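Please read the structure below before turning to the comments.
The values are calculated or read from the model by the stated rules, or taken from the named source; none is laboratory data. Please read these numbers as outputs of a predicted model, since none were measured by experiment. Here the Cβ positions follow ideal geometry from the backbone for every residue, glycine too, while neighbour counts run over all protein chains shown.
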Amino acid sequence: MARFEMKRLGKLVFLLTGILLLVWAMQKVDLDSVTALLLQMGWGFTGVLLAYGGVAWLDAISWKFAFKPDEAPTIKTWELWRIRTIGEAFNAITPLGTMGGEPVKAQLLKERHQLSFKQGLASQVVARTALLVALIVFLLPGTGLLFNSPMAPAISNR
């Protein structure tokens, strides 16, 4: 019982710390400038948010295919999306680059779905590799179109 209370207290401390940091950051940022830039972007900002949200959701769906067939049905896509989002937040705030949140994701899979830490990390390697291949497949035609576009500036060898 005491361990449960400590865990709950820890979550409350982290929540309050996060709220205080958010308030502090909002005081340091010129919100009028941010609002003006968002209004200047118009509906394009909504499009960017929807596109990123779609990519995040599809990444969570594809991650589900990285588990063993008997494990995948027990893990909901919504839960994978939440774990992915938590891990990506750690990636953004730690100095470890894009690898800081991966152990966090594996630990959350271990705690919430009784997968081993090794299984969690292995599923992420498979999912990251699939995402990288998808990005390359997306990048290659775009690069070809860019170099063949009459609107792209010419590259000179000086």
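Having 2 or more residues that are touching a residue at least 40 places away in the same chain (Cβ under 8 Å) and buried (at least 16 other Cβ atoms within 10 Å of the Cβ) is the bar; report the helices (runs of 4 or more DSSP H) wholly within the stretch 74-158 that clear it.
117-148
Given the criteria closer than 23 Å to Ala56 by Cβ, out of contact with any strand residue (DSSP E or B) (no Cβ under 8 Å at 6 or more places or on another chain) and among the basic types (Lys, Arg), does Lys118 qualify?
It is false that Lys118 is closer than 23 Å to Ala56 by Cβ, out of contact with any strand residue (DSSP E or B) (no Cβ under 8 Å at 6 or more places or on another chain) and among the basic types (Lys, Arg).
Could you list all residues from the stretch 106-133 that are under 12 Å from the mean Cα position of the chain (by Cα) and closer than 20 Å to Asp70 by Cβ?
The answer is none; no residue qualifies.
Tell me, yes or no, whether the stretch 26-41 has at least one residue that is more than 30 Å from Ala127 (Cβ to Cβ), exposed (fewer than 12 other Cβ atoms within 10 Å of the Cβ), hydroxyl-bearing (Ser, Thr, Tyr) and out of contact with any Gly (no Cβ under 6 Å at 6 or more places or on another chain).
yes
Of the residues Leu58, Leu80, which single one is of a type in the set (A, V, I, L, M) and either in contact with a Cys (Cβ under 9 Å, 6 or more places away or on another chain) or at pLDDT 90 or above (or both)?
Just one listed residue meets the conditions, Leu80.
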